[in-house]
1. Rounded if a/c is under 1.5, else prolate if a/b beats b/c, else oblate: with a ≥ b ≥ c from the C-alpha gyration tensor eigenvalues square-rooted, which is the range 70-127?
2. Could you tell me which GluC sites (Glu not before Pro) in the range 54-114 are loop residues by DSSP with no more than 13 other beta carbons within 10 angstrom of their beta carbon?
3. Have a look at the DSSP beta bridges in the chain and tell me what percent are antiparallel, nearest 5.
4. Can you compute the modelled spin-label distance between residue 72 and residue 50, with each label point 7 Å from Cα toward Cβ, in nm?
5. Please give the length that would be gained between residue 91 and residue 15 if that part of the chain were fully extended, namely 0.36 nm times their separation in residues minus their C-alpha to C-alpha distance (nm, one decimal).
6. Percentage of Cα-Cα pair distances in the range 1-61 greater than 15 Å, rounded to whole percent?
7. Using alpha carbons only, what's the Rg to Rh ratio of the chain with Rh from Kirkwood?
8. Over the chain, what is the relative contact order in whole percent, taking alpha-carbon pairs under 8 Å and six or more residues apart?
Amino acid sequence: MNENDLSRLVVGTAIDIHKKLGPGLLESVYEVVLAHELKAKKLQIERQVRMPVNYQGLQFDEGFRADLIVERKVIVELKSMESLSRVHKKQLLTYLRLADMRLGLLINFGAEVLRDGLVRVVNGLHE
C-alpha cells in the first residue's frame, strides 16, 4: 500500500472511532483504540516511537516521539483539544523532514465533527 492508500484507511478508521466514542477523551485513549483497529486491519503499527535528531553529525535521542507510525510510511499525530493551532501542522512537517517520510496526518479527536479536525501534511509526496 502506498501513502495515499494508508491515509484513506487511517482517516476512515479514525472517523469510525470518533463516531463511536465522540470527542473529549484523553489523546491516549484514541491512540490505543486507533492502533488496535489498524492492527486488526493487518497494518504494521508502532506507537510512541522515539525519533532521534541528527544535527551537525551528532545524533540526539531526545528528538521527538511519533504517536503512531503506520507501515513505516505515515506519521500520525493525535490531538484531543478544542482546536488545532498552526504550530501543530508545522511541527508535523518538521517530524516528517527529520524522519525522511513523505506523509503525515494530524487528527484532532477533540473536534465536534472529525473531518474538521483532519490535516494532511505532505513532505515531497507525489500526489
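Any read-out appearing in this document is the output of simple, stated calculations on the displayed coordinates, not a laboratory observation. A quick note: this is a predicted structure, and the numbers were derived from the prediction, not measured. All Cβ positions, glycine included, derive from the backbone under ideal geometry; neighbour counts span all protein chains shown.
1. Numbers: a/c = 2.17, a/b = 1.84, b/c = 1.18.
Taking the square roots of the gyration eigenvalues as a ≥ b ≥ c, the range 70-127 is prolate.
2. Details: sites: 62, 71, 77, 82, 112; in loops: 71, 82, 112.
Sparse-neighbourhood loop GluC sites (Glu not before Pro): 82, 112.
3. Numbers: 17 of 23 bridges.
Around 75 percent antiparallel, to the nearest 5.
4. 2.0 nm
5. Working: separation 76, 0.36 × 76 = 27.36 nm, distance 2.28 nm.
Roughly 25.1 nm would be gained on extension.
6. Values: 1113 of 1830 pairs.
Summing the P(r) tail past 15 Å for the range 1-61 gives 61 percent.
7. Working: Rg = 14.1 Å, Rh = 14.8 Å.
In the chain, Rg relative to Rh is 0.96.
8. Details: 215 pairs, mean separation 29.1, N = 127.
In percent, rounded to a whole number, it is 23.
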